[in-house]
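What follows is one structure encoded as structure tokens, with my remarks underneath.
The values are calculated or read from the model by the stated rules, or taken from the named source; none is laboratory data. Fair warning: this is a prediction, and the values are worked out from it, not measured in the lab. Here the Cβ positions follow ideal geometry from the backbone for every residue, glycine too, while neighbour counts run over all protein chains shown.
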Amino acid sequence: MINKSIKGTFKYKYSYILKENINKNEINAEGFKIAYFKNEETNDNIIIYGLEEEPKHIKLTKGKNEVKVDKVYITSSLYDKFNKKSSVKLINLFNNKTIDIHIDDVVDVYTGNVIYMPLQMLNQILNEDKESINGIYSDTKLNIDDNKILKIESIEEILKSFDVALEPVKYMLIAMGVLSFIIALIVVYIVTSLIIEENKHSISLLKILGYNEGEINSLMLSFMFIPSLIGYIISIPFVKGFLSSILNTSLKDMNLAMPIEIDPMYSILGYAIIYIVLLISKFISRKRIFNVSMVDILKLQKD
């Protein structure tokens, strides 16, 4: 999801950040302005990008719609850190001046403490020429004097760094899945064992009537499949909320937000796993049903 967000938003291959401002008309490429701030309340570092109204190398979206950079937008990850506030006080790290930023909307970008606004608006905040830029987006490497470059960012390197950072999260989710499977198997086995124990009389009677172990197994345990399906459907929103809370807590220090999307195919796969757990438990329980003797009903009758 994070990689999808990055590739869908950032269309450039290289981003050049310059040591000094230049006029955007001096270059035959797409320029931008970058400025560094910190949150007055939390001291979190925040980057503000000044972009053209319709940038070619940055595609900001909200839902399925692409938006123009004609107002102030904030990333989803930073919006969560702001506790969904519509305005915030920021301190300029260059001159320590405090500014009030009004947030107009949130875009579907889940990485970074970043605010996007029109280029001229940011230059006005910084009291700089409205045409000035200090960054260049490009699809190829540019022939720029190294002494003028502060930093070069490659989108491939950014993707690799996020893959490395998210590796522990992937292993955590796999471990949770395996543990959930084991717990589900244990719980279902205990429940089926209790059902068989409480229905020894009925099982003995069915054996006397000529039912085999497979038929008795189906009669005793098949009823569990429909309640398990209903329970699975009801649990989906609760699991979604739980995973969102866990992931957002885990990714908070990485300046990431990971939305949980319910994929119908994975939902079907999830129930298929539960169905397999029920089948395994049903298979294991056959031995317990086989051990129930027809003599048990006679003993109960004598008692």
**OP:** Those residues that are over 13 Å from residue 109 (Cβ atoms) and in contact (Cβ under 8 Å) with a residue 40 or more places away in the chain, I need them from the range 64-81; list them, please.
**Re:** 70, 71, 72, 81
**OP:** From (1) surrounded by fewer than 16 Cβ atoms within 10 Å (Cβ to Cβ); (2) modelled with pLDDT under 70; (3) more than 30 Å from residue 43 (Cβ to Cβ), pick out the condition that doesn't hold for residue 220.
**Re:** (1)
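Can you tell which of 289, 274, 280, 262 is surrounded by 10 or more Cβ atoms within 10 Å (Cβ to Cβ), within 15 Å of residue 194 (Cα to Cα) and modelled with pLDDT of 65 or more?
Values: 274 fails: within 15 Å of residue 194 (Cα to Cα); 280 fails: within 15 Å of residue 194 (Cα to Cα); 262 fails: within 15 Å of residue 194 (Cα to Cα).
The conditions single out 289.
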**OP:** Under 9 Å between Cβ atoms, at least 6 apart or on separate chains: pull out the pairs that start in the range 271-287 with a residue that is assigned by TED's automatic domain parsing to the domain that holds residue 184 and touching a residue at least 40 places away in the same chain (Cβ under 8 Å) and end on any residue that is charged (D, E, K, R) and assigned to a helix (DSSP H, G or I).
**Re:** 286/213
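Yes or no: the range 165-174 includes at least one residue that is more than 30 Å from residue 231 (Cβ to Cβ), aliphatic (A, V, I, L, M) and either surrounded by 10 or more Cβ atoms within 10 Å (Cβ to Cβ) or out of contact with any Ser or Thr (no Cβ under 6 Å at 6 or more places or on another chain) (or both).
Taking the range 165-174 first, the residues more than 30 Å from residue 231 (Cβ to Cβ) are 165-168.
Those left that are additionally aliphatic (A, V, I, L, M): 165-166.
Narrowing further to those that are either surrounded by 10 or more Cβ atoms within 10 Å (Cβ to Cβ) or out of contact with any Ser or Thr (no Cβ under 6 Å at 6 or more places or on another chain) (or both): 165-166.
Among the residues of the range 165-174, at least one is more than 30 Å from residue 231 (Cβ to Cβ), aliphatic (A, V, I, L, M) and either surrounded by 10 or more Cβ atoms within 10 Å (Cβ to Cβ) or out of contact with any Ser or Thr (no Cβ under 6 Å at 6 or more places or on another chain) (or both), which makes the answer yes.
Here is a list: 228, 267, 250, 235. Which entry is in a helix (DSSP H, G or I) and at pLDDT below 75?
Values: 228 fails: at pLDDT below 75; 267 fails: at pLDDT below 75; 235 fails: at pLDDT below 75.
None of the other options fit; the residue is 250.
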Original post:
Can you name the residue in the range 93-121 that is more than 31 Å from the chain's Cα centre (by Cα) and surrounded by 14 or more Cβ atoms within 10 Å (Cβ to Cβ) and, of all such residues, is farthest from residue 81 (Cα to Cα)?
Top reply: 120
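Conditions (1) aliphatic (A, V, I, L, M); (2) modelled with pLDDT of 90 or more; (3) closer than 13 Å to residue 46 by Cα; (4) outside the structural domain of residue 20 (by TED's automatic domain parsing), marked per residue:
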{"site": "87", "(1), (2), (3), (4)": "no, no, no, no"}
{"site": "90", "(1), (2), (3), (4)": "yes, yes, yes, no"}
{"site": "115", "(1), (2), (3), (4)": "yes, yes, yes, no"}
{"site": "122", "(1), (2), (3), (4)": "yes, yes, no, no"}
{"site": "127", "(1), (2), (3), (4)": "no, yes, no, no"}
{"site": "140", "(1), (2), (3), (4)": "no, no, no, no"}
